[in-house]
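Everything below concerns the one structure shown next.
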Amino acid sequence: MKKILLSVGLVLGAFAIQAQDLPSTPIKDFNGSEVAFNEVIETGKVTIVSFWANWCIPCKKEIRAIRSKLPEWQKQEPDFNYMTISIDDSRSTARAKSYAISQGWDFPRYLDPNSDLKRAVNFQNVPYTIIIDKEGNIAHRVTGFEEGAEDELFEKVQELLKK
């Protein structure tokens, strides 16, 4: 009986970590133009996507930590990208935009004002971070942020780049 339960557990575990295809859900760039999420991801590169909100202090800490290390990471791994997507509602997108600009964010930034992508990716809380593999699948997910977690994200990026 234990062997059967172990086998069932291993099979279910394999399905749980299976990569998820990217949704084609529309998001907006900071100029207000709509673009499909799956079209902003560069195939052949591993991409970290940080979902955030203007009111979320841990989100801002995560992005600040990643931003501080981003130049070095991109030197080490040229096949790596980073972007952020604000889940602030349509009334708050102006604040999200001005915050990102005031912080000097020079990486791609998008908006999900109706939470359509949030629902498609299926998460509840921010900060929420996904890593997309070279084939364009969601290969890793993290909810929340603690100092030092950015280094773990980059280690996962390096693992995925070796595959």
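Give me the net charge of LYS28's neighbourhood, meaning all other residues with Cβ under 12 Å from the Cβ of LYS28; Lys, Arg count +1, Asp, Glu -1. Can you show the working numbers first?
Details: positive: LYS97, ARG109; negative: ASP29, GLU34, ASP88, ASP112, ASP116.
Residues close to LYS28 contribute a combined charge of -3.
Each 5 Å bin from zero holds the following percent of Cα-Cα pairs in region 15-93: 3, 12, 19, 21, 22, 18, 5, 1.
Note on the chain: the alpha carbon radius of gyration divided by the globular reference 2.2 N^0.38 Å gives 1.09. A straight line joining the Cα centroids of region 111-157 and region 51-102 runs 12 Å.
Ligands, DNA and RNA aside, GLU159 has an accessible area near 100 Å² when probed at 1.4 Å. When the trypsin sites (Lys or Arg not before Pro) in region 89-138 are filtered for DSSP coil states and for at most 13 other beta-carbon atoms within 10 Å of their beta-carbon, the remaining sites are ARG91. By the Kirkwood approach, averaging reciprocal distances over each pair of separate Cα atoms, region 92-151 gets a hydrodynamic radius of 13.6 Å.
Per-residue ellipticity at 222 nm computed for the chain from its helices equals -12500 deg cm²/dmol, with DSSP H segments shorter than 4 residues left out and the rest contributing -39,500 (n - 2.57).
The values are calculated or read from the model by the stated rules, or taken from the named source; none is laboratory data. Note that the coordinates shown come from a computational prediction; the quantities given were computed from them, not determined experimentally. Don't worry about glycine lacking a Cβ; one is built from the backbone with ideal geometry, like all the others, and counts go over all protein chains shown. The area values use the complete protein model at the heavy-atom level, side chains included, leaving out ligands, DNA and RNA. Shrake-Rupley method; radii C 1.70, N 1.55, O 1.52, S 1.80 Å.
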